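For reference, the structure discussed in these notes is given below.
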Amino acid sequence: MSSLRFRSLANAANRQAVPIVVNEKLSSLFNQHVFSVDTMREYLPKPVYIEIISAQEKGTKISRDSADFVASAMKEWAMSKGVTHFTHWFQPLTGTTAEKHDSFFRPIENGKAIETFDGSLLVQQEPDASSFPNGGIRNTFEARGYTAWDPTSTAFIIGTTLFIPSVFISYTGETLDYKVPLLRALQAVDEAATEVARYFDKNVNKVSSTLGWEQEYFLIDLNLYNSRPDLLMTGRTLFGHSPAKGQQLDDHYFGAIPMRVMAYMQELEIECMKLGIPITTRHNEVAPNQFECAPMFEETNQAVDHNSLLMDLMGRIAKKHNFKVLLHEKPFAGVNGSGKHNNWSLSTDTGENLLSPGKNPKKNLQFLTFFVNTIKAVSTYGDMLRSAIAEAGNDHRLGANEAPPAIISIFIGSQLTAVLDELEKVTKGKLSPEEKTDLKLNVVGKIPEILLDNTDRNRTSPFAFTGNKFEIRAVGSSANCGEPMTVINTIVAKQLRDFKKEVDKLIDGGLSKDEAIFNVLREYIKSSRNVLFEGDGYSEDWVREAKKRGLNNYKSTPEALKSELKKEFIAVYEEVGVLNEREVHARNEIKLEKYSTKIKIEANVLADLSLSHIIPAAVTYQNVLIKNVKGLKDIFGEEEFVKLAKDQMDLIRLISDHINAVKTNADILVKESGKASEISDVQKQAEAFATKVKPLFEIIRYHADELEELIDNNLWPLTKYREMLFTR
Ligand code: ADP
Ligand code: MG
């Protein structure tokens, strides 16, 4: 095995950057492979074009005839670019994207053939879906689900295939993917936010949720990746001593991008441009060989699709550059993990960002309304957000020293804290003319238009206001953004509905609109105080303080997922019309099963590598030492030998101790993992994996990593951290 390590290292060291030639401006590549609004305008009859745009903007139905027009336009456009196949492209709950390609080609009579694609094929496709997770919703005898075209996201071409973004639904009508609940949540937040926005501007007819994600990832040489069975099987390293140099010097962060990586990034950006993913940012991240990219924000459904597409694209392009992209939240212990910040806001069809402070008191009251309602939503339903980001990989990252803790709190900065303090003092009921003027001039009027540069950037908060948007930082790097985006839009929709009711009631009771709004906001601020935290989220003090405040700290996925089934949370999903109780349960079960399966695989790999890689290497080296000691004895005789061989003999003992510890604990691991596998209740099973199996990982790893330090480098079978993290 160690020979594989050295061969891989030699290959990696000899690699050159793959040359990338960019002949065109990126802007001229933009949307080249997308069936974009412009392409539609060109290819569709005007009435059909208008119908599609209206379906995209207002969610209206598309007639069968128009679907035929769109299908034939898509086919014509795609074939002009060499496309031969089409696929419905969807996002099942496996976490990756799924596609099944069908040809445009159809044989007809007399040995002839044509290329065909009509509305029925565009609208619906039936993959054999029996192997996608469904949480018990579909019995195998009715194991069919279907995919249906989502006209609110753009179709695109990869290679010779036309990709049609789609939803995935069971025949009994339940949702089986990330997209359907998201679309429902987006519609709900649109309706609720539009109503509230109309307090301030009657011209508002639609509110869209916006998402700008930032994607962190590691890149390591493909050969080195392939030389590590743990990375290959689990996406993360289960062993590995920390290198002498890690990220202590912070010399990688924002440093010059290595040549091979730059070539990969350039090619990725070119492909992103063609596919309409508006990537604008690239840089080195904190950990060695860790990087980040981010686009301009977009409408949320489109942005989620683009992120899923990006993750897929990254893998494909990395391969051409002999890299492997690691999207795992914690591929390497001891250095930073990877997250995916989800920047979220709401914007109106009149072109306004509802979370952006404005130029005058009226706009600022609008800002405060949406700002405080978001805080209130997270204060009441924060645990739903925690469940949405719960995943085995993310457990390693949350609460580690470089990522937000598992406690959901909100950071808003000192200026806005001061504004909320003032608002909390607003008189109950009617306001005097003096108070109104004072509020206008000194509180609402004083919100600086540009908060962006003034908000202290608190990097330790899982949910931070950053000037004109909230940034959800606790999302895992491998996650589908759809789930956290479903939750934030669901809970804000629910909150805005309640707000509207309360304000209208006060208005009916004789208060002016502004008075009513101030009165409700005051109460929201009071009841949301416990979720606001400006201090260091990484500190132990905060863990204690949060406990006092009654905030939950669900450290593990099973704990976080248990809370997902609370009655009040299911009620929110049902009331807002995003998921019914059966669907929440099914999804919860899928996530728990996925958690258990991941830990079980890790346990197997860990035990296997312990026995077949680590212990044999340790024994081999120990034998070298034994031979040496025996030789010394032969040559020097009893008395002198004792002195000369002392260190070697200590080392032989030490190696034995570690070997025994690895072996004993690996045996226990196999037993405990087997026991956990037998448990039939999914919640209890996941808990057993979390509390009985996973803790053994650290113990085994400790002893194995010690062995790595003791054993002859030439004999060590697993590619070392320094080799994976510093070869580029
Ligand atoms: P950083 O957080 O890295 O300092 P910025 O504050 O400029 O950088 O923006 C970070 C991300 O926020 C970008 O990906 C951008 O697309 C996104 N973003 C900016 N405005 C909005 C918005 N209104 N809605 C959603 N995302 C936004
Ligand atoms: Mg950011």
GLY476 being modelled with pLDDT of 95 or more, out of contact with any Cys (no Cβ under 6 Å at 6 or more places or on another chain) and surrounded by fewer than 20 Cβ atoms within 10 Å (Cβ to Cβ): no
Filter result (away from ligand 1 (no atom under 12 Å from the Cβ) and buried (at least 19 other Cβ atoms within 10 Å of the Cβ)) within the stretch 345-358: PRO357
Residue among ALA661, ALA690 that alone is over 25 Å from ASN226 (Cα atoms) and in contact with a His (Cβ under 9 Å, 6 or more places away or on another chain): ALA661
Members of the stretch 577-598 that are part of a helix (DSSP H, G or I) and buried (at least 24 other Cβ atoms within 10 Å of the Cβ): ARG587, LYS591, LEU592, TYR595, SER596
Only one of ALA686, ALA661, ALA676 that is without any contact (Cβ under 8 Å) to a residue 60 or more places away in the chain and either small (Gly, Ala, Ser) or crowded, with 21+ Cβ neighbours inside 10 Å (or both): ALA661
Leading residue by the ranking (surrounded by the most Cβ atoms within 10 Å (Cβ to Cβ)) among those in the stretch 446-458 that are within 16 Å of ligand 2 (Cβ to nearest atom) and at pLDDT 65 or above: ASN458
Residue in the stretch 245-257 that is among the β-branched types (Val, Ile, Thr), more than 16 Å from ligand 2 (Cβ to nearest atom) and at pLDDT 90 or above present: no
1 or more residues in contact (Cβ under 8 Å) with a residue 24 or more places away in the chain and in contact with a Leu (Cβ under 8 Å, 6 or more places away or on another chain): qualifying helices (runs of 4 or more DSSP H) within the stretch 20-116: 46-58, 64-79
Test: residue in the stretch 293-302 that is within 13 Å of ligand 1 (Cβ to nearest atom), at pLDDT 95 or above, part of a helix (DSSP H, G or I) and closer than 26 Å to LEU222 by Cα: no
Among residues of the stretch 303-323, those that are charged (D, E, K, R) and either near ligand 1 (Cβ under 10 Å from one of its atoms) or farther than 21 Å from ALA155 by Cβ (or both), counted: 2
Test: residue in the stretch 337-358 that is within 25 Å of the chain's Cα centre (by Cα) and either modelled with pLDDT under 90 or among the basic types (Lys, Arg) (or both): yes
Residue among ILE517, ILE507 that is within 22 Å of LYS362 (Cβ to Cβ), surrounded by fewer than 17 Cβ atoms within 10 Å (Cβ to Cβ) and away from ligand 2 (no atom under 16 Å from the Cβ): ILE507
Strands (runs of 3 or more DSSP E) contained entirely in the stretch 149-238, each with at least 2 residues that are not aliphatic (A, V, I, L, M): 161-170, 207-221
Test for PRO361: is it within 15 Å of ligand 1 (Cβ to nearest atom), in contact with a helix residue (DSSP H, G or I) (Cβ under 8 Å, 6 or more places away or on another chain), of a type outside the set (S, T, N, Q) and at pLDDT below 95: no
Qualifying residue in the stretch 539-551 (condition: away from ligand 2 (no atom under 16 Å from the Cβ), surrounded by fewer than 24 Cβ atoms within 10 Å (Cβ to Cβ) and over 29 Å from the mean Cα position of the chain (by Cα)): yes
Residue within the stretch 423-445 that is modelled with pLDDT of 85 or more, surrounded by 13 or more Cβ atoms within 10 Å (Cβ to Cβ), under 26 Å from GLU545 (Cα atoms) and not hydrophobic (A, V, I, L, M, F, W, C) present: yes
Residues being of a type in the set (Val, Ile, Thr) and touching a Gly at 6+ places or on another chain (Cβ under 9 Å) - total across the stretch 698-719: 1
Those helices (runs of 4 or more DSSP H) lying entirely in the stretch 465-552 with at least 3 residues more than 16 Å from ligand 1 (Cβ to nearest atom) and free of Cβ contacts under 8 Å to residues at least 12 places away in the same chain: 482-508, 540-549
Only listed residue being away from ligand 2 (no atom under 16 Å from the Cβ), among the polar types (S, T, N, Q) and closer than 26 Å to ALA155 by Cβ, chosen from SER356, SER347: SER347
Test: residue in the stretch 229-242 that is away from ligand 2 (no atom under 16 Å from the Cβ) and modelled with pLDDT under 95: yes
Residue check for LYS627: more than 30 Å from ALA560 (Cβ to Cβ), surrounded by 13 or more Cβ atoms within 10 Å (Cβ to Cβ), without any contact (Cβ under 8 Å) to a residue 60 or more places away in the chain and charged (D, E, K, R): no
Criterion (surrounded by fewer than 17 Cβ atoms within 10 Å (Cβ to Cβ), charged (D, E, K, R) and modelled with pLDDT of 95 or more) met by exactly one of LYS81, LYS58, LYS25: LYS81
Residue in the stretch 324-344 that is nearest to GLU298 (Cα to Cα), counting only those that are within 13 Å of ligand 1 (Cβ to nearest atom) and buried (at least 22 other Cβ atoms within 10 Å of the Cβ): TRP344
Residues of the stretch 317-344 that turn out to be within 16 Å of ligand 2 (Cβ to nearest atom) and closer than 16 Å to PRO229 by Cα, as a count: 0
Near pairs, Cβ below 8 angstrom, 6+ apart or cross-chain, from the stretch 297-316 (surrounded by 19 or more Cβ atoms within 10 Å (Cβ to Cβ)) to any residue that is of a type in the set (Phe, Trp, Tyr): THR300/TRP344; ALA303/TRP213; ALA303/PHE297; VAL304/TYR178; ASN307/TRP213; LEU309/PHE156; MET314/TYR217
GLY393 vs. criteria closer than 30 Å to ARG228 by Cβ and either in contact with a strand residue (DSSP E or B) (Cβ under 6 Å, 6 or more places away or on another chain) or within 16 Å of ligand 1 (Cβ to nearest atom) (or both): yes
Of all residues making up the stretch 76-117, the number that are out of contact with any strand residue (DSSP E or B) (no Cβ under 7 Å at 6 or more places or on another chain) and either among the hydroxyl-bearing types (Ser, Thr, Tyr) or under 25 Å from ASN301 (Cα atoms) (or both): 5
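The values are calculated or read from the model by the stated rules, or taken from the named source; none is laboratory data. This structure is a prediction, so every number in the text was calculated from the model and none was measured. So basically every Cβ, Gly included, is an ideal-geometry build from the backbone, and we count neighbours across all protein chains shown.
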